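What follows is a set of notes on a single structure, which appears directly below.
The values are calculated or read from the model by the stated rules, or taken from the named source; none is laboratory data. All values reported here derive from a predicted model rather than from experimental measurement. Here the Cβ positions follow ideal geometry from the backbone for every residue, glycine too, while neighbour counts run over all protein chains shown. Only protein heavy atoms, including side chains, enter the accessible area calculation; ligands, DNA and RNA are left aside. Shrake-Rupley method; radii C 1.70, N 1.55, O 1.52, S 1.80 Å.
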Amino acid sequence: MKAKLLADRAFPVGQAAPELFGSFIEHLGRAVYGGIYEPGHPTADEQGFRQDVLDMVRELDVPIVRYPGGNFVSGYNWRDGIGPREQRPRRAELAWNSIETNQIGVGEFQEWAKKAGSAVMMAVNLGTGTVQEARDLVEYCNFPGGTALSEERRQHGYDKPFGIQTWCLGNEMDGPWQIGHRTAQEYGRIACEAAKAMKLVDPSIKLVACGSSSSSMATFGEWEETVLMNCYEQVDYLSLHSYYGNRSGNSAEFLACSRDMDRFITDVSAICDAVRARKHLDKTMYLSFDEWNVWFHSNEQDEKVEKWTVAPPLLEDVYTFEDALVAGCLLITLLRHCDRVKIGCLAQLVNVIAPIMTENGGRNWAQTIFWPFRDASALGRGTVLQVKLDCPTYDGGTYGETPCVEAVAVEKDGEITVFAVNRSLTDSVELELQLRGYKNLQLFEHRELYHEDLKAINTADRPDTVVPGTGDGKSLKPHSWNVLRYHAEVED
Ligand code: AHR
């Protein structure tokens with residue numbers, strides 16, 4: 001099969017923000033306890049953080065990590081996680097039916113994030129929480145000193161303010177499962193008031209309002225419009241969340257699911273622009289796709305997990321090779337929308353629907369989805385070019401007619417990187433590039449993620465089943481993730 005990718009240096013989409021390659025750590029399952037934090041683990045540092053995990057997070061180069069939830073945040077009192085550890089309460093955590101020990105809170109997480117080389121994207125509780133609690137948390141974190149809350153932080157050992165720049169106004173407040181679920185009007189109002197108070201404490205912060213928790217929500221569209229009519233002026237981003245799964249066992253259809261993400265982004269952008277027009281404003285509402293991934297493998301198993309335990313093994317999806325291809329398609333889709341989507345968070349980072357897995361007290365390894373994320377994070381932070389793909393299509397089932405190749409091109413430091421997934425399950429693809437505005441294109445690397453078995457997985461015993469290899473530089477194997485790197489000169 002042949003495919004042609006046409007791009008022109010004169011027609012960029014925009015600059016991919018580093019934050020497009022963010023991730024997410026929630027107080028859920030073994031993400032925090034047994035994931036990033038395990039005092040007593042052979043690799044734990046003096047703060048109890050697992051160095052083996054930190055090394056892998058650094059390899060992914062995650063510029064921003066959303067914390068502490070997720071559904072968790074909607075019942076969370078941030079004061080439970082500050083001050084002397086031995087005095088912190090154990091709580092019945094209602095989002096995930098677990099026991100929360102509060103041994104990690106905002107201060108410790110900030111320390112971990114510094115070690116990981118990441119900024120924190122802090123969520124405030126707008127479920128059971130109040131405007132007062134939200135503005136207090138900003139003051140505790142970001143106020144230099146001289147007030148009760150900032151001095152309290154200093155007493156807790158954090159002399160310098162954390163300087164947390166990006167804040168989420170609650171989580172998935174459109175979802176009936178959410179503690180403190182609200183109507184769009186109710187949420188729009190509290191988001192507006194929380195935003196005002198938080199920005200009065202620290203005017204430099206940027207705020208993310210909750211959009212829909214998926215495009216399939218009955219309230220989708222109306223939710224975005226009503227929320228933004230209430231708080232457009234006060235916020236900087238609107239969130240989108242989306243999870244996919246091969247529930248029907250139809251791999252061809254599953255590989256097409258990034259078309260849903262693409263449509264979701266386009267639709268939400270249109271709604272934002274409609275509200276902007278109605279309000280006669282200039283400001284563009286940017287998008288924060290702060291939860292995306294494959295999530296379905298663990299659903300059944302999670303029903304059996306014992307309730308009211310500390311750090312139970314929840315949402316521990318074991319990712320297949322085809323999931324990695326989907327992750328690749330989703331990353332390409334985010335890049336193609338980098339003019340609008342400024343933050344992306346792979347949900348999540350460790351143990352919970354995660355690229356990084358650990359054993360309590362033991363080994364760590366990379367799941368299949370680790371690899372496309374690592375490549376995109378390392379090589380995607382440049383000028384994304386608009387691409388026109390000329391290739392055969394196939395029936396993507398619910399996702400409609402789908403191109404066999406998903407691809408994007410990024411220019412950075414005299415290099416062009418083409419990320420491409422060949423969705424065809426049977427045919428290899430010869431990819432012809434027509435890159436206008438460049439000359440002397442020289443391929444110097446072709447990374448490839450390929451396995452003959454779409455269901456191949458990595459485990460602690462067999463961590464190297466699905467790992468990157470080298471392609472032939474000419475063709476994209478059937479069902480493969482590819483990173484083609486070229487030296488390129490700009491044409492005069
Ligand atoms: O990432 C897992 C959960 O998915 C989050 O807690 C929630 O926001 C979403 O529904």
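In summary, ARG153 fulfils each of the numbered conditions (1) surrounded by fewer than 22 Cβ atoms within 10 Å (Cβ to Cβ); (2) of a type in the set (Lys, Arg); (3) in contact (Cβ under 8 Å) with a residue 12 or more places away in the chain with the single exception of condition (1). Residues in region 115-130 that are part of a helix (DSSP H, G or I) and crowded, with 18+ Cβ neighbours inside 10 Å: ALA116 only.
So that you can scan it fast, the table gives a plain yes or no per residue for (1) polar (S, T, N, Q); (2) in contact with a Lys or Arg (Cβ under 8 Å, 6 or more places away or on another chain); (3) closer than 21 Å to SER74 by Cβ:
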position	(1), (2), (3)
PRO89	no, no, yes
ALA92	no, no, yes
THR101	yes, yes, yes
LYS114	no, no, no
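Here is a yes/no grid of residues against (1) in contact with an Asp or Glu (Cβ under 7 Å, 6 or more places away or on another chain); (2) closer than 30 Å to LYS455 by Cα; (3) surrounded by fewer than 21 Cβ atoms within 10 Å (Cβ to Cβ):
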| position | (1), (2), (3) |
| --- | --- |
| TRP167 | no, no, no |
| GLY175 | no, no, yes |
| LYS206 | yes, no, yes |
| ALA209 | no, no, no |
| GLY249 | no, yes, yes |
| ASP260 | no, yes, yes |
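Restricting attention to region 51-63, and to residues there that are away from the ligand (no atom under 16 Å from the Cβ) and buried (at least 17 other Cβ atoms within 10 Å of the Cβ), which single residue is farthest from GLU38 (Cα to Cα)?
Out of the qualifying residues, it is PRO63.
At least 2 residues being surrounded by fewer than 15 Cβ atoms within 10 Å (Cβ to Cβ) is the threshold, and among the strands (runs of 3 or more DSSP E) wholly inside region 374-492 those reaching it are 383-390, 393-395, 429-436, 438-449, 480-490. Residue count for region 151-195 satisfying the condition of being closer than 23 Å to LEU94 by Cα and polar (S, T, N, Q): 3.
Scanning region 1-37 for residues that are crowded, with 24+ Cβ neighbours inside 10 Å and assigned to a loop (DSSP other than H, G, I, E, B) turns up ALA16, ILE25, GLU26, HIS27, LEU28, GLY29, ARG30, ALA31, VAL32, GLY35, ILE36.
The rows are residues; the columns are (1) out of contact with any helix residue (DSSP H, G or I) (no Cβ under 7 Å at 6 or more places or on another chain); (2) away from the ligand (no atom under 16 Å from the Cβ).
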| site | (1), (2) |
| --- | --- |
| THR333 | no, yes |
| VAL350 | no, no |
| ILE356 | no, no |
| TRP365 | yes, yes |
| ILE369 | no, no |
| SER377 | no, yes |
| GLY380 | no, yes |
| ASP390 | yes, yes |
| TYR399 | no, yes |
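Listed by first and then second residue, the pairs linking a residue in region 289-307 that is part of a loop (DSSP other than H, G, I, E, B) to a residue that is open to solvent by 30 Å² or more (accessible area, probe 1.4 Å) and at pLDDT 95 or above, with Cβ atoms under 6 Å apart and 6 or more places separating them unless they lie on different chains, are TRP295/TYR243; PHE296/ARG247; HIS297/VAL318; SER298/GLU316; LYS307/ASN97. Listed by first and then second residue, the pairs with beta-carbon distance under 7 Å, at least 6 apart or on different chains, first residue in region 201-216 and closer than 18 Å to GLU133 by Cβ, second surrounded by fewer than 18 Cβ atoms within 10 Å (Cβ to Cβ) and modelled with pLDDT under 95, form an empty list.
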